[in-house]
Amino acid sequence: MKIMIVGRGGREHAIAWKLAQSPIQPQLFLAPGNDGMLNLPNTVRVPLEETDTQGLLDFARSNGIDLTVVGPEAALMVGIANAFQEAGLAIFAPTKEAALIEGSKQFAKELMDQYDIPTAKFRTFEEYEPTKAYLDEIGAPIVVKYDGLAAGKGVVVAMTHEEADNALRDMLLDNRFGQGKVVMEEFLQGPEFSLFAMVNGEQVVPIGVAQDHKRAHDGDQGPNTGGMGAYTPVPFIPQEQVDWAVEHIMKPTAKALAQEGRPFCGILYGGLMLTADGPKVIEFNARFGDPETEVVLARLKSDLLQMILDILDHKPVTVQYNDQAYLGVVMAANGYPGSYPKNLPLGNLDAISNLLLHMGTKRDNGQWLSNGGRVLCVIGQGGTLAEAQRDAYNGVARISAEGLFFRKDIGWQAI
Ligand code: AMP
Ligand code: GLY
């Protein structure tokens, strides 16, 4: 079986690592992948960009690709699933209409409102003056969100009126992310967790819960990033709350999208908060999260490839987990998420026994170099989260990588 994986980061490395273990023994085409992924058996890189839909489609057709799995949202938003479906090719990814659940905060909020899916109260605005008037009326704390893709920087949790007003000026007067709308949201409190479900139409299969660490520095300080580490399971989110979220959030959302004529196929990622009133949606993503995928797939015992084939066929999907805990630490280039240098030498990568997922690396003349902001994700494993944490940091300590930094407190909420 020939499988194409679209994307090039740690998430895609984890997907490839997991698919490579399938008894089906697929051949993996990585578009474009990264050099670290070539350690896996039966892999070949395809030099195509994630958003080159036509190029990817042509490649899939002429090489007899049986199934395509997509990582990054950018590929979804330009309609990779639409193009493959129209061509009659199997793809595990939502159409751009379904992926709007991630692409537009306003769309997501209105859908949740209409279908009674628990989330923070909100109002959408386009102009500065009425937004400011609303802010004056409601006051802080309040959450200001730019409606569109803003690389994780479009959300300001404003604890003061002044912070909120600055964010509004930034987004609506200075058009920092382009001309767009702003969603003003009720401030919620509670621990956050990411719930992943495989979805095809109204079929919803939860595959794991993880907690991300979005801030760059220890103690959840510093700027928002794509994620500096993750772990699974999440002990302070009781299983009955997860089950509740599947029944009252994930399933109704899949059903709502289907009813709206935007049936979802792929990974629906609920970014949820366990509030005093139960789980509520902070945001949805239409794809695997990064770095949560790295730990969620490590914990998955079942054959991911068989699971994807089954859900695409609307068959029941079997999900089994290992009884181990997994914790991933991201090593990033100094300066990330701002500007950062590339080509930093990385040593001892082969010396550690941890699962090592490459987020942004390349191989040059026999030497590993950094090639992105987030560079490596080192996975630890153990009977408890504390053991998994120790295992991960033992691995991190053995990697020689001057110019990289990492958080030293991944898992602090659980351990
Ligand atoms: P988002 O990009 O929507 O996931 O938001 C980024 C982060 O902002 C989340 O992970 C939360 O920590 C925080 N956040 C977003 N919305 C809210 C809210 N309504 N109340 C409190 N915190 C929020
Ligand atoms: N780790 C958060 C995300 O993938 O959006």
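What follows draws every value from the coordinates through simple rules; no lab data is involved. For clarity, every value in this text was computed on a predicted model and none was experimentally measured. Because the Cβ atoms are built from the backbone with ideal geometry, glycine has one as well, and the counts that use them run over all protein chains shown.
Go through K109/K132; K181/K255; K280/K315; K145/K214 and tell me which ones have a Cα-Cα distance over 24 Å in this structure.
Working: K109/K132 20 Å; K181/K255 27 Å; K280/K315 29 Å; K145/K214 16 Å.
Check vs 24 Å cut-off fails for K181/K255; K280/K315.
Count neighbours as other Cβ atoms within 10 Å of each site's Cβ, and list the chymotrypsin sites (Phe, Trp or Tyr not before Pro) in region 360-415 that are DSSP loop with at most 12 such neighbours.
Details: sites: W368, Y393, F405, F406, W412; in loops: F406, W412.
Counting only loop positions with at most 12 other Cβ atoms within 10 Å, none of the chymotrypsin sites (Phe, Trp or Tyr not before Pro) in region 360-415 qualifies.
As an exercise, identify the trypsin sites (Lys or Arg not before Pro) in region 329-375 lying in DSSP coil whose Cβ has no more than 16 other Cβ atoms within 10 Å. Intermediate results must be reported in sequence, preceding the final value.
Numbers: sites: K342, K362, R363, R374; in loops: K342.
Listed in order of number, the matching sites are K342.
Could you compute the net charge surrounding P41? Neighbours are other residues with a C-beta less than 15 Å from the C-beta of P41; K and R count +1, D and E count -1.
Values: positive: K2, K18, R45; negative: none.
For residues surrounding P41, the net value is +3.
Express the relative contact order of the chain as a whole percentage, based on alpha carbon pairs under 8 Å and six or more residues apart in sequence.
On the way: 967 pairs, mean separation 66.3, N = 415.
Reported relative contact order: 16 percent.
Can you tell me how much longer the chain between D243 and V78 gets when fully stretched, taken as 0.36 nm per residue apart minus their C-alpha distance, in nm with one decimal? Numbers along the way, then the final one.
On the way: separation 165, 0.36 × 165 = 59.40 nm, distance 3.30 nm.
Here the answer is 56.1 nm.
Under the Kirkwood approximation applied to all pairs of distinct alpha-carbon atoms, what is the hydrodynamic radius of region 53-189 in Å? If you can, show how the numbers build up before the last one.
Working: mean 1/r = 0.0595 Å⁻¹.
By the Kirkwood definition, the hydrodynamic radius is 16.8 Å.
Kindly provide the pair-distance distribution of the chain built from C-alpha pairs, with 20 Å bins from 0 and whole-percent values in order of increasing distance.
Percent of Cα pairs in each bin: 27, 60, 13, 0.
Which net charge results for the neighbourhood of D350, defined as the other residues with beta-carbon distances under 15 angstrom from its beta-carbon, given Lys and Arg at +1 and Asp and Glu at -1?
On the way: positive: R363, R398; negative: D35.
Overall, the nearby charge balance is +1.
Tell me whether region 207-320 comes out rounded, prolate or oblate; compute the Cα gyration tensor, take square roots of the eigenvalues as a ≥ b ≥ c, and use a/c under 1.5 as the rounded threshold. Could the numbers behind the result be given before it?
Working: a/c = 1.69, a/b = 1.38, b/c = 1.23.
Cα axes put region 207-320 in the prolate bin.
Distances over 14 Å make up what percent of all Cα-Cα pairs in region 365-415? Could the numbers behind the result be given before it?
On the way: 725 of 1275 pairs.
Summing the P(r) of region 365-415 above 14 Å gives 57 percent of all pairs.
So if I average 1/r over every pair of distinct C-alpha atoms in region 1-115 and take the inverse, what Kirkwood radius in Å does that give? Write out the running numbers ahead of the final one.
Numbers: mean 1/r = 0.0686 Å⁻¹.
14.6 Å is the Kirkwood radius here.
Please give the FRET efficiency for N42 paired with Q189, using the beta carbon to beta carbon distance and R0 = 51 Å, rounded to the nearest 0.05. Intermediate values should be presented prior to the final figure.
Working: r = 47 Å, r/R0 = 0.93.
Step by step, r from the Cβ atoms, then E = 0.60.
Hey, if you put +1 on the Cβ of every Lys and Arg and -1 on every Asp and Glu Cβ in region 106-249, which of P130, P238, L168 ends up farthest toward the positive end of that dipole?
The listed residue farthest towards the positive side: L168.
Which of the three applies to region 264-329, rounded, prolate or oblate, going by the alpha-carbon gyration tensor with a ≥ b ≥ c and a/c under 1.5 meaning rounded?
Values: a/c = 1.87, a/b = 1.27, b/c = 1.46.
It comes out oblate by the Cα gyration axes.
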